[in-house]
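This report refers to the structure that appears directly beneath it.
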Amino acid sequence: MKSLTSVVVPAYNEEDMIKITLATLNRCSWVNQLIVVDDGSNDRTALIAENYCDQVISLKQNKGKACALKEGWKASLNDVVISLDADLGITAREGEKLVEKLLSSKLDCVIARLPIQQKSGFGMMKHRAQKLIFSQTGRWFNAPLSGQRAIRKGWLPLLLDKSYVGYGIEMAMTIDLLKAGAEVEEVEVNFSHRATGKDVRGFIHRGKQWIDMEKTLRKMR
(Lines give C-alpha, C1' and ligand atoms only; values in the text may rest on other atoms or scores of the structure.)
Protein backbone atom coordinates (compact mmCIF):
# COMPACT_ATOMS: atom_id res chain seq x y z
CA MET A 1 0.00 0.00 0.00
CA LYS A 2 1.36 3.40 -0.97
CA SER A 3 0.78 6.59 1.00
CA LEU A 4 2.37 10.01 1.08
CA THR A 5 4.76 10.60 3.97
CA SER A 6 5.92 13.73 5.77
CA VAL A 7 9.13 13.57 7.82
CA VAL A 8 9.65 15.99 10.71
CA VAL A 9 13.18 16.46 12.06
CA PRO A 10 13.50 18.54 15.25
CA ALA A 11 17.05 19.86 15.59
CA TYR A 12 19.06 21.80 18.15
CA ASN A 13 22.74 22.50 17.46
CA GLU A 14 23.09 19.52 15.10
CA GLU A 15 25.43 21.01 12.48
CA ASP A 16 27.78 18.03 12.77
CA MET A 17 25.18 15.40 11.80
CA ILE A 18 22.18 17.00 10.15
CA LYS A 19 23.68 17.19 6.66
CA ILE A 20 24.18 13.44 6.28
CA THR A 21 20.81 12.73 7.91
CA LEU A 22 18.93 15.00 5.51
CA ALA A 23 20.98 14.00 2.45
CA THR A 24 20.11 10.38 3.22
CA LEU A 25 16.39 11.16 3.54
CA ASN A 26 16.50 13.10 0.27
CA ARG A 27 17.45 9.89 -1.51
CA CYS A 28 14.56 7.92 -0.02
CA SER A 29 11.58 7.42 -2.31
CA TRP A 30 9.19 7.08 0.62
CA VAL A 31 9.88 10.66 1.77
CA ASN A 32 7.46 13.10 0.13
CA GLN A 33 7.87 16.09 2.44
CA LEU A 34 10.92 16.84 4.58
CA ILE A 35 10.57 19.42 7.36
CA VAL A 36 13.30 20.57 9.75
CA VAL A 37 12.39 22.51 12.86
CA ASP A 38 15.43 24.41 14.12
CA ASP A 39 14.82 24.78 17.84
CA GLY A 40 16.73 28.03 18.41
CA SER A 41 20.14 26.62 17.48
CA ASN A 42 23.18 28.89 17.80
CA ASP A 43 25.22 27.01 15.22
CA ARG A 44 24.77 26.41 11.46
CA THR A 45 21.96 23.85 11.79
CA ALA A 46 19.30 25.93 10.01
CA LEU A 47 21.68 27.16 7.29
CA ILE A 48 22.72 23.61 6.41
CA ALA A 49 19.15 22.30 6.56
CA GLU A 50 17.93 24.87 4.02
CA ASN A 51 19.88 23.07 1.32
CA TYR A 52 18.45 19.64 2.02
CA CYS A 53 14.78 19.88 2.93
CA ASP A 54 11.46 21.27 1.73
CA GLN A 55 10.95 23.57 4.68
CA VAL A 56 12.92 24.90 7.63
CA ILE A 57 10.91 26.25 10.54
CA SER A 58 13.20 28.36 12.71
CA LEU A 59 12.26 29.09 16.31
CA LYS A 60 13.87 32.26 17.66
CA GLN A 61 14.79 30.61 20.94
CA ASN A 62 15.20 27.08 22.25
CA LYS A 63 11.72 25.94 23.28
CA GLY A 64 12.30 22.21 23.68
CA LYS A 65 11.56 19.09 21.69
CA ALA A 66 7.81 19.07 22.30
CA CYS A 67 7.35 22.54 20.84
CA ALA A 68 9.63 21.75 17.88
CA LEU A 69 7.73 18.58 17.03
CA LYS A 70 4.37 20.32 17.25
CA GLU A 71 5.50 23.05 14.85
CA GLY A 72 6.60 20.38 12.39
CA TRP A 73 3.37 18.45 12.76
CA LYS A 74 1.35 21.58 11.98
CA ALA A 75 3.21 21.94 8.67
CA SER A 76 2.83 18.28 7.68
CA LEU A 77 0.66 17.73 4.61
CA ASN A 78 0.60 13.96 4.18
CA ASP A 79 -1.28 10.94 5.49
CA VAL A 80 1.68 9.51 7.41
CA VAL A 81 3.91 11.67 9.58
CA ILE A 82 7.27 10.42 10.81
CA SER A 83 9.38 12.06 13.51
CA LEU A 84 13.12 11.36 13.23
CA ASP A 85 16.06 12.71 15.23
CA ALA A 86 18.63 14.85 13.44
CA ASP A 87 21.63 12.69 14.40
CA LEU A 88 20.61 9.43 12.71
CA GLY A 89 23.01 9.91 9.79
CA ILE A 90 22.77 7.29 7.06
CA THR A 91 20.59 5.10 9.28
CA ALA A 92 17.75 7.58 8.74
CA ARG A 93 16.89 5.46 5.68
CA GLU A 94 15.67 2.81 8.11
CA GLY A 95 12.59 4.99 8.60
CA GLU A 96 11.06 3.07 5.72
CA LYS A 97 10.45 0.20 8.13
CA LEU A 98 8.19 2.43 10.20
CA VAL A 99 6.20 3.37 7.10
CA GLU A 100 5.89 -0.24 5.97
CA LYS A 101 4.76 -1.44 9.39
CA LEU A 102 2.15 1.31 9.71
CA LEU A 103 0.71 0.85 6.23
CA SER A 104 0.67 -2.95 6.30
CA SER A 105 -1.40 -3.00 9.47
CA LYS A 106 -4.28 -1.31 11.24
CA LEU A 107 -1.87 0.43 13.60
CA ASP A 108 -2.16 4.14 14.29
CA CYS A 109 1.34 4.72 15.61
CA VAL A 110 4.60 2.78 15.30
CA ILE A 111 7.54 3.30 17.64
CA ALA A 112 11.07 2.30 16.66
CA ARG A 113 12.88 -0.02 19.05
CA LEU A 114 16.60 0.57 18.49
CA PRO A 115 19.45 -1.93 18.93
CA ILE A 116 21.21 -1.75 22.29
CA GLN A 117 23.79 1.06 22.27
CA GLN A 118 27.26 0.23 23.56
CA LYS A 119 27.51 3.68 25.13
CA SER A 120 24.47 4.28 27.27
CA GLY A 121 23.35 5.44 30.69
CA PHE A 122 21.98 3.53 33.66
CA GLY A 123 18.45 3.09 32.28
CA MET A 124 16.73 5.07 35.05
CA MET A 125 14.86 7.34 32.63
CA LYS A 126 13.77 4.41 30.49
CA HIS A 127 12.48 2.43 33.48
CA ARG A 128 10.68 5.47 34.84
CA ALA A 129 8.89 6.02 31.53
CA GLN A 130 8.06 2.32 31.20
CA LYS A 131 6.45 2.23 34.63
CA LEU A 132 4.50 5.43 34.05
CA ILE A 133 3.06 4.19 30.76
CA PHE A 134 2.23 0.79 32.29
CA SER A 135 0.56 2.33 35.35
CA GLN A 136 -1.79 4.37 33.17
CA THR A 137 -2.42 2.04 30.24
CA GLY A 138 -1.44 -1.49 31.23
CA ARG A 139 0.99 -1.63 28.29
CA TRP A 140 4.75 -2.24 28.57
CA PHE A 141 7.09 -0.74 25.97
CA ASN A 142 10.75 -1.56 25.47
CA ALA A 143 11.50 1.84 23.91
CA PRO A 144 9.28 4.35 25.73
CA LEU A 145 11.62 7.27 25.01
CA SER A 146 12.26 6.55 21.34
CA GLY A 147 11.95 9.68 19.22
CA GLN A 148 11.61 7.71 15.99
CA ARG A 149 7.89 7.32 15.38
CA ALA A 150 5.35 7.11 12.57
CA ILE A 151 1.76 8.18 13.11
CA ARG A 152 -1.35 8.56 11.02
CA LYS A 153 -2.08 12.26 10.54
CA GLY A 154 -5.62 11.91 11.85
CA TRP A 155 -4.26 11.56 15.37
CA LEU A 156 -2.23 14.78 15.32
CA PRO A 157 -5.07 17.08 16.50
CA LEU A 158 -5.22 15.06 19.74
CA LEU A 159 -1.50 15.53 20.34
CA LEU A 160 -1.41 19.18 19.30
CA ASP A 161 -4.04 19.92 21.94
CA LYS A 162 -1.85 18.57 24.76
CA SER A 163 0.59 20.53 26.95
CA TYR A 164 3.77 18.51 26.58
CA VAL A 165 7.10 19.78 27.91
CA GLY A 166 10.38 19.15 26.09
CA TYR A 167 11.62 15.57 26.29
CA GLY A 168 8.48 14.49 28.12
CA ILE A 169 6.59 14.28 24.85
CA GLU A 170 7.41 10.68 23.87
CA MET A 171 6.21 9.16 27.13
CA ALA A 172 3.14 11.39 27.31
CA MET A 173 2.00 11.01 23.71
CA THR A 174 2.12 7.23 24.08
CA ILE A 175 -0.18 7.43 27.09
CA ASP A 176 -2.56 9.88 25.41
CA LEU A 177 -2.79 7.85 22.21
CA LEU A 178 -3.51 4.62 24.04
CA LYS A 179 -6.12 6.24 26.29
CA ALA A 180 -7.83 7.63 23.19
CA GLY A 181 -8.06 4.16 21.65
CA ALA A 182 -5.15 4.27 19.21
CA GLU A 183 -3.35 1.07 18.27
CA VAL A 184 0.33 1.54 19.12
CA GLU A 185 3.13 -1.00 18.63
CA GLU A 186 6.92 -1.14 18.52
CA VAL A 187 9.04 -2.45 15.67
CA GLU A 188 12.77 -3.15 15.72
CA VAL A 189 14.65 -0.74 13.46
CA ASN A 190 18.41 -0.48 12.96
CA PHE A 191 18.70 3.22 13.71
CA SER A 192 21.92 4.49 15.22
CA HIS A 193 22.39 7.86 16.83
CA ARG A 194 24.44 9.74 19.39
CA ALA A 195 23.92 7.92 22.67
CA THR A 196 24.29 9.66 26.02
CA GLY A 197 26.75 7.87 28.26
CA LYS A 198 27.83 8.04 31.89
CA ASP A 199 29.79 11.27 31.49
CA VAL A 200 28.84 14.79 32.61
CA ARG A 201 27.07 15.53 29.33
CA GLY A 202 25.02 12.35 29.69
CA PHE A 203 23.97 13.18 33.25
CA ILE A 204 22.94 16.70 32.25
CA HIS A 205 20.87 15.38 29.34
CA ARG A 206 19.11 12.77 31.45
CA GLY A 207 18.50 15.35 34.16
CA LYS A 208 16.77 17.54 31.60
CA GLN A 209 14.71 14.57 30.41
CA TRP A 210 13.64 13.78 33.96
CA ILE A 211 12.57 17.37 34.69
CA ASP A 212 10.64 17.63 31.41
CA MET A 213 8.88 14.34 32.08
CA GLU A 214 7.83 15.38 35.58
CA LYS A 215 6.55 18.74 34.29
CA THR A 216 4.58 16.97 31.58
CA LEU A 217 3.08 14.57 34.12
CA ARG A 218 1.84 17.45 36.25
CA LYS A 219 0.13 18.95 33.21
CA MET A 220 -1.52 15.59 32.42
CA ARG A 221 -3.20 15.30 35.82
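The values are calculated or read from the model by the stated rules, or taken from the named source; none is laboratory data. These figures come from a predicted structure and were not determined experimentally. Reconstructed Cβ throughout: ideal geometry from the backbone, glycine too, with neighbour counts over all protein chains shown. These area figures cover heavy atoms from the full protein model, side chains too; ligands, DNA and RNA do not enter into them. Shrake-Rupley method; radii C 1.70, N 1.55, O 1.52, S 1.80 Å.
Distances between placed amide hydrogens fall under 5 Å for Val37 paired with Val9, Ala11, Ile57, all partners being 5 or more residues away or on another chain.
Amide H to amide H, with H built 1.01 Å from N, Asp43 comes under 5 Å of Asn13, counting only residues 5 or more places away or on other chains. The stretch between His127 and Ser3, if pulled fully straight at 0.36 nm per residue, gains 41.2 nm over its current Cα-Cα span. For the range 38-49, backbone phi angles converted through the Karplus equation (6.51, -1.76, 1.60; θ = phi - 60°) give residue-by-residue couplings of 7, 8, x, 4, 10, 10, 8, 3, 5, 4, 5, 4 Hz, Gly and Pro being listed as x. Summed over qualifying helices (DSSP H, 4 residues or more, each -39500 (n - 2.57)) and divided by its residue number, the chain shows a 222 nm mean residue ellipticity of -11500 deg cm²/dmol.
Counting heavy atoms of the protein chains alone, Asp212 has an accessible area of about 0 Å² for a 1.4 Å probe.
The chymotrypsin sites (Phe, Trp or Tyr not before Pro) of the range 91-186 that DSSP puts in a loop, and whose beta carbon has at most 12 other beta carbons within 10 Å, are Phe122, Trp140. In the chain, inverting the average of 1/r over every pair of distinct C-alpha atoms gives 17.3 Å as the Kirkwood radius. Phi-derived couplings, Karplus 6.51 cos²θ - 1.76 cosθ + 1.60 at θ = phi - 60°, listed residue by residue for the range 25-37: 5, 5, 8, 8, 5, 7, 8, 9, 9, 10, 10, 10, 10 Hz, with x used for Gly and Pro. Carbon-plus-sulfur accessible fraction, the chain (probe radius 1.4 Å, protein heavy atoms only): 50%. Within the same chain, aspartates and glutamates fewer than 8 places from Lys19 are excluded, and of the rest, those with a Cα less than 17 Å from its Cα are Asp38, Asp39, Asp43, Glu50, Asp54, Asp85, Asp87, Glu94.
Here the 3J(HN,Hα) profile of the range 93-106, calculated from phi with Karplus coefficients 6.51, -1.76 and 1.60 at θ = phi - 60°, is 4, 5, x, 4, 5, 5, 4, 4, 5, 5, 7, 8, 9, 9 Hz, Gly and Pro shown as x. Label-to-label distance, Arg27 versus Asp79, with points set 7 angstrom from Cα along the beta-carbon direction: 2.8 nm. Spin-label pair Leu217-Lys106: with each label point 7 Å from Cα along the Cα-Cβ axis, the two points sit 3.4 nm from one another. Here the chain is assigned +1 on the Cβ of each Lys and Arg and -1 on the Cβ of each Asp and Glu. Its dipole about the Cα centre then comes out at about 720 debye. Sparse packing (at most 12 other Cβ atoms within 10 Å of the Cβ) combined with a DSSP loop state is found for the following trypsin sites (Lys or Arg not before Pro) in the range 41-119: Lys60, Lys106, Lys119. Distances between placed amide hydrogens fall under 5 Å for Arg113 paired with Val187, Glu188, Val189, all partners being 5 or more residues away or on another chain. Taken per residue, the accessible surface of the chain reaches 49 Å², heavy atoms only and a 1.4 Å probe. For each pair in Lys97/Lys179; Lys60/Lys97; Lys97/Lys162; Lys60/Lys131; Lys97/Lys131, compute the distance between the two Cα atoms and list the pairs where it is over 31 Å. Lys60/Lys97; Lys60/Lys131, as the Cα separations exceed 31 Å there.
Subtract the Cα-Cα distance of Asp161 and Glu185 from 0.36 nm times their separation in residues, and report this length gain in nm to one decimal.
6.4 nm
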